Amino acid sequence: MRELWRYLLLSLGEVLAVVLVYGVIFHEHFLTVWQEEGAAWIFLAVILVALGNYLFFKRLSELVEDQPSRHVLLPKDDEYYQLSRLVNRLQSKQRILLRRYQQQNRDYLTLLQSLTSGVIVFDQRKETVLYNHVLASILNTTELKGQPFYQVFTAVELIAVTQKVYQTKEDQRLLWQKKVARDNEWFEVQVVYVPLSRHHYSVMCIFNDVTEIKQLEVKQREFMANASHELKTPLTAIQGFSETLLAGALDDKKSALYFVQIIFEQSQQLTELIEDISALARNKKTQELKLEQIKLKAFCEQILTSYLAQSKAKNLTLEVQIPDDFEINCDIKYLQHIVSNLIQNAIRYNVVDGKLKITATSSANEWCLVVYNTGQTLANADKERIYERFYRADKARSAEGSGLGLAIVKEAVEALSGQIVVTSPYKNGTKFTVILPLFLT
């Protein structure tokens, strides 16, 4: 209905303009015609012109809406034959260009949607013309087309940097921190001025997710701070007691022996810490696995001999319930890290007259190593954090160990494409289950 009124009003304006011009040129004749049947002629003219406008604009809209008309077919002896050939040739070229444009547009949209970065494009009127699903996910919305950038963005810094590009027509960068429920997300935002012609341009915003990098930076800072603290503790003790000995305590044999014993223990702790840090660094490196055939029972018993003194001090019962012929293919260095650290923790956090038990089973595609001890049980909050570097579930024993043992185990298990599960409490203790694939040689 609105379109009909538009054509009628347009036609009325055109007819009145013609009538006005005619009246100015043929003044006397115009008055005579107008008095006799002017209104009827004007009404008829408006209807005819409206019909002409409708047909004209319909044909024009077909061309604009990528719907070119069919070829003109005329006989060769027709006077417009050559003209029809030119028109047909022009239509063919138009269709080829249209197909190319549509293909390029589809390719462009496909490329845009396949990007891992969020992209949104605003036109010269500051309204959204294009965006991909990644951007919609970042902004937690579904429909953005036609909205101005100051409604699309809720963060003040994003609005400000986009407005600056519109004002200066210069590219801008921004590190944007998105607030979420638990952890924050970080995005490197590039706002790019895109000139399209002399008087037309667009503004494109590209969101690159750098959350992982920022989290890694935080972990690195925390690791350096914790490592510095852990290294400082034994070094301070060694330095303090050494100064005491040099100041004259060497003359008192009893005190000197006590101080030297402390220095020795602290140096052992320092050595253990450095070895654990080195083990973590080695596990982080991407390296090819060196698989060897290992008899698991003998392997575990050999590692246990290194901790006999600590186990005897607590009067622990040690059990290795693994068949003698139980063989696996594994990287011996990674397996050494796993077994030795689990045994060390099982002894350190065990109770006097407690028990340490090691078992193993296998299935078609994997094998399991279970280390159980009757020592300290873990709270649910601790279960989620025990693999963090320098985290200790038992704060009272913060002076024992480096706090890196389970972090090393976790790294080694992941390097072997396995998983580790802790069950606590389990039979008045804690059970660690390591599940590893059966590698074929």
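The values are calculated or read from the model by the stated rules, or taken from the named source; none is laboratory data. In this text, all values refer to a predicted model and were calculated from it rather than measured experimentally. Heads up, the Cβs are rebuilt from the backbone with ideal geometry, glycines too, and the neighbour counts pull from every protein chain shown. Calculation scope for accessible area: heavy atoms of the full protein, side chains included, ligands and nucleic acids excluded. Shrake-Rupley method; radii C 1.70, N 1.55, O 1.52, S 1.80 Å.
So which GluC sites (Glu not before Pro) in the range 120-192 are both in a DSSP loop and have at most 15 other Cβ atoms within 10 Å of their Cβ? Before the final figure, lay out each step's value.
Working: sites: 127, 143, 157, 170, 185, 188; in loops: 143, 170.
Passing both the DSSP loop test and the Cβ count: 143, 170.
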### Task
Give me the accessible area of residue 219, 1.4 Å probe, in Å² rounded to the nearest 10.
130 Å²
### Task
Count charges around residue 136 for me, please; just the other residues with Cβ under 13 Å from its Cβ, Lys/Arg as +1, Asp/Glu as -1.
0
### Query
What is the distance in Å between the Cα centres of the range 141-155 and the range 159-199?
14 Å
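Would you rank 199, 133, 337 by solvent-accessible area, highest first, keeping every protein chain in place and using a 1.4 Å probe? Kindly include the intermediate steps, with their values, before the conclusion.
Details: 199 125, 133 105, 337 35 Å².
Largest accessible area first, the list is 199, 133, 337.
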### Query
Is the shape of the range 98-153 rounded, prolate or oblate, going by the alpha carbon gyration tensor and its root eigenvalues a ≥ b ≥ c, with a/c under 1.5 for rounded and a/b larger than b/c for prolate?
oblate
